[in-house]
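Comments concern the structure below.
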Amino acid sequence: MDLSKITETLISGKSDELKKLVEEAINNDVKPADILNQGLLTGMDAVGQKWKAGEMFMPEVLRCAKAMSSSMDVLRPMLKDDDIGNAGTMIIGTVAGDLHDIGKDLAAMMFEGAGYKVINIGIDQSNENFVNAVKEHKPNLLGMSALLTTTMPRMGEVINSLKEAGIRDQVTVIIGGAPVTEEFADEIGADLYAPNAGTAVEITNEYLQNK
Amino acid sequence: MKINQKINKSTKFKVLSDDQIEMIYYAALEVLERTGGNVYHDGAIELFKNSQAVVRGNNVRIPSFMVEEALNYYPSKITLAGRNKKRSLHIQKDTVAFGTGSDLPFTYDRKTGERRRTTYKDVNNAAKLVDALSNYDFLMSHGIVSDAPNPQTYDRHQFMAMLEQCTKPMVLTSVDGEGLEDLWKMGCLIQGGEEEFKLNPLFVAYIEPISPLKNDRTAVEKLLFAAEKKLPAMYTPCPSAGATAPATIAGMLVQSLSETLLAIVLCHLKNPGTPLIMGGVTTVLDMKKSTYSYGAPELSLASAANTDISKWLNLPMFSTGGCTDSKILDEQAAAEQMMNLFYSYLSGANLIHDVGYIDHGTNASLESLVLNQEMMGMVKQFGKGINTDDDYLALDLIEKVGPSGEYVTTEHTFEHWKEWFLPELQDRSDYETWKNNGSKTMLDRVKEKTQDLLDNYETEPMDEKLQKELKDVIKSADERHS
């Protein structure tokens, strides 16, 4: 089966059509890892490049990400751990006191688009909730965001709570949000910082590959 | 079903009330009866003498009924077609087109950063940019060809430099009546003869009086030639308030209008129905530096008011925007150009010229043309106003998304975000991204884009046989003047 059709359909952002093609490939006994790597991820790479070059725009990219993520719902149960590579599970949320979530949601969609299983725990989450989510879902990635300078320090508190619970090393921590900077990320002991939702995936993948 | 609805399909902007316009109009008629204008051209004086106008030497006073009779004959619509034969420029009420200015003696040299005399090649390059950039609807020469064999025939060479690199309609300056005749001959060759040119004029002849109330020989020659051939022309006074016009904007508008009305009567006496466009670069003399200001807010205000008057008179309007007094393309340039672009557009003037001028109308800058492309896009976007149809009120969508939802991935966003202005040169990235991309300024990006267009854009070439015919007209003019 020609997997380039899956790639093309993904780039055009046609969710229903893509899902059908993925199901068809599964029924034709194409290896799930090949569907993911040669079909879907090749497509998302192309989308990522077009986005970076300014040839694709947010609504188009997210449409592709949505298509990717609904196909992953079908494909994920077929995949072995090794097949997935870096694209594991991610917990993402907004810290306590902050009800802003569009940036975090955009990032979540981008990660889903890259093949991650994303558990979005929502807004105004206490330190304890972050720690419990990490314990429960055992993600390899934790994302946090804050839009307010008043809530920024909470992200450091979550990292401290993870340390106290002895699970800090289990996850790579990435943070973002308008007032956040690279220096701030270093200061609170986060692993990664992304200046915007669009670049978060690229920064994460690069880091995880070299880890 | 709703009744008594009024929907604004665009923004609305008006400086003068109809009562104020009437005051200015009647005052202008009064000027023509009381003061009159001076006309330095024997043929025109003859025409006035054989009419009901009162002629004393070179001074011509015109009774109001002559003006009002003449006004009845002026076309309110003129459509231009470039050498690509596209009837792209419709000069009619509330239809706005942007274009460059003309004849700047100096050019900002992009390599040395110095200013120097403008050459044929510079005009060529400006024409290329105007052809390439979508927000320019017509071309004036931007610079003046100063390396032509003879200053008396530079206008024909300049037209050629423009034609080589630009397929869009044009506004042309000329040395005198003879020069305009040659340009018209060239235009007829391109459009397929005199009759076709009448239906598809390629250019408007730019003509100006000398304020206050003077009409020199060459200007009148051109006017009479345009009238004879029914060639679209504009008579555009360039008064500076406080020097060649009253220091008050109302007074300047009165005088400027009376200058235009005199030309309207003259063309009517020559040949009723001449497609004449009203104009005016109405601004102030800077009282500190004694310069004619292209960046003054008074220019924007007076020009917008002048446009209000033109609409009331049902005459097309030639206005001014996108220009600055700043010597280089800097913060002052951007601020002034944006202001006069904005208000000239909102006023609804038909042809807005001088886009890209720097150094109060003396210096040409290719980069300024590129910067203005972006600013014209912003201004046009604002002018679109706000659609309030059901799909735009988006009630169903708001309900569907609900509190705490998001709109980015909805079909509605996917459909409608493309109606927004899409910046090409402005940077809207976050700080880190901007820094990682080299911390470029707007001017850095403008320079890159300018170079890119000059290197890579290709104008549709002109037919070789036609080029030869045009060059024959120029050659013959050069021989006559050698």
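The values are calculated or read from the model by the stated rules, or taken from the named source; none is laboratory data. Predicted model, so just to flag it, every value in this text is computed and none were measured. Cβ sites come from the backbone with ideal geometry, for glycine too, and all protein chains shown count toward neighbours.
All but one of (1) under 18 Å from A:Asn196 (Cβ atoms); (2) hydrophobic (A, V, I, L, M, F, W, C); (3) under 19 Å from the mean Cα position of the chain (by Cα) hold for A:Ile121; state the number of the condition that does not hold.
Among (1) under 18 Å from A:Asn196 (Cβ atoms); (2) hydrophobic (A, V, I, L, M, F, W, C); (3) under 19 Å from the mean Cα position of the chain (by Cα), A:Ile121 violates only (1).
Would it be correct to say that A:Gly54 is within 17 Å of A:Asn205 (Cβ to Cβ), modelled with pLDDT under 90 and outside the structural domain of A:Ala133 (by TED's automatic domain parsing)?
So A:Gly54 does not fit the description; no.
Pairs under 6 Å by beta carbon, first residue away from chain B (no Cβ under 14 Å) in segment A:187-201, partner not in a helix (DSSP H, G or I), six or more apart or different chains?
Taking only residues 6 or more apart or on different chains, the pairs are A:Ala190/A:Val173; A:Ala190/A:Ile175; A:Asp191/A:Thr172; A:Asp191/A:Val173; A:Val201/A:Ala114.
Given the criteria away from chain A (no Cβ under 13 Å), touching a residue at least 40 places away in the same chain (Cβ under 8 Å), assigned to a helix (DSSP H, G or I) and in contact with a Leu (Cβ under 8 Å, 6 or more places away or on another chain), does B:Gln373 qualify?
yes
Regarding B:Thr107, is this residue buried (at least 21 other Cβ atoms within 10 Å of the Cβ), at pLDDT 95 or above, in the same structural domain as B:Glu181 (by TED's automatic domain parsing) and part of a strand (DSSP E or B)?
Here the answer is yes, as B:Thr107 does meet what is asked.
Could you list, in sequence order, the residues of segment B:128-163 that are closer than 18 Å to B:Thr362 by Cα and not in a loop (DSSP other than H, G, I, E, B)?
Residues satisfying the conditions are B:Leu139, B:Gly143, B:Pro151, B:Tyr154, B:Asp155, B:Gln158.
For (1) surrounded by fewer than 13 Cβ atoms within 10 Å (Cβ to Cβ); (2) more than 24 Å from B:Gly251 (Cβ to Cβ); (3) touching a residue at least 12 places away in the same chain (Cβ under 8 Å); (4) aliphatic (A, V, I, L, M), each residue gets a yes or a no:
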| residue | (1), (2), (3), (4) |
| --- | --- |
| B:Gln5 | yes, yes, no, no |
| B:Lys9 | yes, yes, yes, no |
| B:Phe13 | no, no, yes, no |
| B:Ile21 | no, no, yes, yes |
| B:Ile24 | no, no, yes, yes |
| B:Asn59 | no, no, yes, no |
| B:Met66 | no, no, yes, yes |
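Looking at (1) under 37 Å from the mean Cα position of the chain (by Cα); (2) surrounded by 12 or more Cβ atoms within 10 Å (Cβ to Cβ); (3) within 11 Å of chain A (Cβ to nearest Cβ), which is the only condition B:Lys418 fails?
(2)
Quick one: in segment B:385-404, which of the residues that are surrounded by fewer than 15 Cβ atoms within 10 Å (Cβ to Cβ) and in a loop (DSSP other than H, G, I, E, B) is nearest to the other protein chains (Cβ to nearest Cβ)?
Per the criteria, the residue is B:Ser404.
Would it be correct to say that B:Thr409 is part of a loop (DSSP other than H, G, I, E, B), β-branched (Val, Ile, Thr) and out of contact with any Pro (no Cβ under 9 Å at 6 or more places or on another chain)?
no
For segment A:19-49, which positions are within 30 Å of B:Ser429 (Cβ to Cβ) and either without any contact (Cβ under 8 Å) to a residue 24 or more places away in the chain or more than 20 Å from the chain's Cα centre (by Cα) (or both)?
A:Asp45, A:Gln49
Taking segment B:425-448 as the search range and keeping residues that are under 17 Å from B:Glu374 (Cα atoms) and loosely packed, with under 12 Cβ neighbours inside 10 Å, which one is farthest from the other protein chains (Cβ to nearest Cβ)?
Once the filter is applied, the top-ranked residue is B:Thr441.
A:Ile188: modelled with pLDDT under 95 and in contact with a helix residue (DSSP H, G or I) (Cβ under 7 Å, 6 or more places away or on another chain), yes or no?
No.
Are any of the residues in segment A:59-71 more than 14 Å from chain B (Cβ to nearest Cβ), over 25 Å from B:Arg428 (Cβ atoms) and at pLDDT below 90?
no
Identify the single condition in (1) within 20 Å of B:Glu458 (Cβ to Cβ); (2) aliphatic (A, V, I, L, M); (3) more than 22 Å from the chain's Cα centre (by Cα) that B:Leu139 does not satisfy, given that it satisfies every other one.
(3)
Do you know which residues across segment A:93-145 are small (Gly, Ala, Ser), within 14 Å of chain B (Cβ to nearest Cβ), more than 20 Å from B:Pro403 (Cβ to Cβ) and out of contact with any Leu (no Cβ under 9 Å at 6 or more places or on another chain)?
A:Ala107
One residue is enough: does segment A:150-169 have a residue meeting the conditions within 14 Å of chain B (Cβ to nearest Cβ), under 30 Å from A:Lys52 (Cα atoms) and in contact (Cβ under 8 Å) with a residue 60 or more places away in the chain?
no
Checking the structure you have, find out if any residue of segment A:43-54 is surrounded by fewer than 20 Cβ atoms within 10 Å (Cβ to Cβ), within 14 Å of another protein chain (Cβ to nearest Cβ) and either in contact with a strand residue (DSSP E or B) (Cβ under 7 Å, 6 or more places away or on another chain) or not in a helix (DSSP H, G or I) (or both).
yes
Return the total of residues in segment B:173-206 being aliphatic (A, V, I, L, M), touching a residue at least 40 places away in the same chain (Cβ under 8 Å) and touching a Leu at 6+ places or on another chain (Cβ under 9 Å).
Total satisfying the criteria: 6.
Contact list please: Cβ distance under 6 Å, first residue in segment B:457-474 and in the same structural domain as B:Met162 (by TED's automatic domain parsing) and under 15 Å from B:His157 (Cβ atoms), second residue surrounded by 13 or more Cβ atoms within 10 Å (Cβ to Cβ) and of a type in the set (Asp, Glu), pairs at least six apart or on different chains.
B:Val473/B:Asp182
Between B:Ala247, B:Ala227, which is assigned to a loop (DSSP other than H, G, I, E, B) and not polar (S, T, N, Q)?
Sole residue among the options that is assigned to a loop (DSSP other than H, G, I, E, B) and not polar (S, T, N, Q): B:Ala247.
What about B:Val408, is it more than 9 Å from chain A (Cβ to nearest Cβ) and either in contact with a Ser or Thr (Cβ under 8 Å, 6 or more places away or on another chain) or crowded, with 16+ Cβ neighbours inside 10 Å (or both)?
no
Taking the residues in segment B:249-280 that are under 17 Å from B:Ser300 (Cβ atoms) and not assigned by TED's automatic domain parsing to the domain that holds B:Ser310 as candidates, determine which candidate is surrounded by the most Cβ atoms within 10 Å (Cβ to Cβ).
So the residue we want is B:Leu253.
Just need a number here: residues in segment B:424-482 that are in a helix (DSSP H, G or I) and farther than 27 Å from B:Glu367 by Cβ.
Final tally of qualifying residues: 18.
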